[in-house]
Amino acid sequence: MFEPVRKPEANAPPSGRIIPALAVLVRPELMEDLQGACAELSDLTGLSSSEIVLRHGGGLVLVEQGVTGYDQVILTLAVERPGTAVIVISDQLPGHMVRALMKLEASDIVPTTAGIEEIIDVAEQLRETRSIQGSGATSKCWALRGAVGGAGVSTLSIESAFSLARKVGPGKVCLVDLNLADGMTTSFLEAVPKLDLHALAAAPERLDQRLLAAWCWEHEDGVSLIAAPRNPDADMLATEAAILRLLDVACSAFEYVIVDMPRHMMPWTKSVLGAVDEAIIVSELTVPSLHAAADMCRETDALRPDGAKSKLVLNRMFPKKRFRAEFAVDKAEQAIEREIHTTITSDWDAARTAVNLGKPIADVKPKSPLVADVAAFVDKLLPEDAIEAMPQAGKKRRAK
């Protein structure tokens with residue numbers, strides 16, 4: 001699901017074998033040696049246990065006894081993501097850590113004298129046992145957040161989810177509404193809010209794919225929705241552990257997860273923005289909105305791994321993508337010194353009709369310029385391998 005933090009630059013090992021993806025918490029010297037042995041190498045240093053579970057749970061993890069935080073990583077994965085394969089470098093692992101490893105579906109211990117080739121041997125054995133496909137869940141997670149109130153984030157999240165489903169097929173896309181106190185997605189789609197926030201907050205570790213399925217509402221167009229009933233006290237229940245666990249399990253169950261985030265800061269906001277594959281800031285083409293968007297983009301960029309940038313989207317644009325006073329997009333970019341990734345044309349009549357009918361805009365007015373802009377926006381975010389794997393009909397729509 002997540003882009004690797006580091007890429008190999010050193011020479012490959014003598015055997016020429018490469019570990020496709022590996023997340024590691026080891027001493028710097030070993031980290032350098034592993035550079036040439038991994039196609040995708042992710043450094044876990046500095047990440048919290050919750051972030052590690054969200055980014056790399058379900059993948060292949062290597063930790064070294066004695067490195068700060070190694071024990072917490074093992075204990076957290078054993079409880080929250082037992083499907084993760086873990087290799088531990090140790091000569092004498094404490095009994096309680098051995099018991100934690102036993103809770104994992106796949107694990108092994110190698111001595112501190114083990115060389116790169118031995119680590120590769122163990123990694124291959126675990127990958128064969130678990131059929132691991134990547135450094136974490138193989139899904140993609142995109143989070144949308146408004147720079148100002150009323151920027152249309154929920155509408156854009158909904159339309160993006162349905163546009164994506166039309167491209168990749170039904171049953172593969174999940175929309176998660178994290179506006180827990182006053183979310184609008186269920187009202188817009190006449191959906192049933194099924195997320196039990198009290199149960200999630202009380203025991204996040206109990207959430208698995210089976211329970212998640214009970215909390216999902218599925219639209220006839222093939223998009224699943226996770227949303228909680230409106231509750232003014234919901235934000236107090238939504239702990240960081242609960243939200244990260246929710247997204248982690250959602251990403252293990254769906255190929256694509258789109259997150260509709262609140263504009264105001266929550267205890268989990270920074271962790272989510274730092275972990276998702278794409279952080280998208282939504283604004284409008286007005287001077288106050290642009291300033292707010294530029295500030296939020298800079299704040300988000302500081303949270304992103306490996307220098308990845310957030311993407312700025314201008315919503316509710318006039319047909320010629322200009323402000324009434326001829327405030328052009330290129331001038332806006334110069335003013336805030338930031339590239340505008342995408343613009344979405346406003347179609348108020350179509351949007352109003354759609355929400356009144358409880359349908360996505362594409363079902364009401366498929367030729368709306370808003371629908372076309374959202375489709376182009378989704379195309380820009382999709383990785384090339386996902387485009388190649390799209391159904392033939394989706395490829396044809398993209399080519400038009």
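The values are calculated or read from the model by the stated rules, or taken from the named source; none is laboratory data. Note that this is a predicted model, so its numbers are computed, not measured. In this analysis, Cβ positions are derived from the backbone assuming ideal geometry, glycine residues included, and neighbour counts consider all displayed protein chains. Only protein heavy atoms, including side chains, enter the accessible area calculation; ligands, DNA and RNA are left aside. Shrake-Rupley method; radii C 1.70, N 1.55, O 1.52, S 1.80 Å.
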* Structure fact -> A student applying the Cα gyration tensor rule (rounded when a/c is under 1.5; otherwise prolate if a/b is larger than b/c, oblate if not) would label the chain prolate
* Rounded if a/c is under 1.5, else prolate if a/b beats b/c, else oblate: with a ≥ b ≥ c from the C-alpha gyration tensor eigenvalues square-rooted, which is region 44-130? -> rounded
* Across Lys194/Lys309; Lys140/Lys331; Lys140/Lys359; Lys172/Lys359, pairs whose alpha-carbon gap is larger than 30 Å -> Lys194/Lys309; Lys140/Lys331
* Asked: Considering only the chain, what is the antiparallel percent among its DSSP beta bridges, to the nearest 5?
  -> 10
* For Val110, enumerate residues with amide H under 5 Å from its amide H, sequence gap 5+ or separate chain, H modeled in the peptide plane. => Val88, Ile89, Ser90
* Can you list the HN-Hα couplings for region 356-366, worked out from phi with the Karplus curve (6.51, -1.76, 1.60; θ = phi - 60°), rounded to whole Hz and with x for Gly and Pro? -> 5, 9, x, 10, x, 4, 4, 7, 9, 9, x
* Structure fact -> Karplus-derived 3J(HN,Hα) from phi for region 25-31 (6.51 cos²θ - 1.76 cosθ + 1.60, θ = phi - 60°), whole Hz, x at Gly and Pro, runs 10, 9, 5, x, 4, 5, 4
* Structure fact -> The percentage of the accessible area of region 167-219 (probe 1.4 Å, all protein chains present) made up of carbon and sulfur atoms, to the nearest whole number, is 50
* Structure fact -> Given 24-31, 374-381, the highest-first ranking by average Cβ count within 10 Å works out to 374-381, 24-31
* Structure fact -> By the C-alpha gyration tensor axes a ≥ b ≥ c (rounded if a/c is under 1.5, else prolate when a/b exceeds b/c, else oblate), the shape of region 205-292 is prolate
* Where Arg127, Arg206, Arg298 fall by accessible area, highest first, once all protein chains stay in place (1.4 Å) -> Arg206, Arg298, Arg127
* Using a 1.4 angstrom probe, figure out how much accessible area the chain has per residue, in square angstrom, rounded to the nearest whole. => 44
* Asked: Using the per-residue mean of other Cβ atoms lying within 10 Å as a proxy for protection, in what order, highest first, do the peptides 75-88, 227-240, 183-196 fall?
  -> 75-88, 183-196, 227-240
* Just the number, please: carbon plus sulfur as a percent of the accessible area of region 239-385, 1.4 Å probe, no ligands or DNA/RNA counted. => 52
* Asked: Against the longest alpha carbon principal axis of the chain, how many degrees, from 0 to 90 and to the nearest 10, is the axis of helix 240-253 turned?
  -> 90
* Structure fact -> For 92-101, 340-349, ranked highest to lowest by mean beta-carbon neighbours within 10 Å, the order is 340-349, 92-101
* Structure fact -> Per-residue ellipticity at 222 nm attributable to helices in the chain (runs of n ≥ 4 DSSP H, -39500 (n - 2.57) apiece, nearest 500 deg cm²/dmol) works out to -12000 deg cm²/dmol
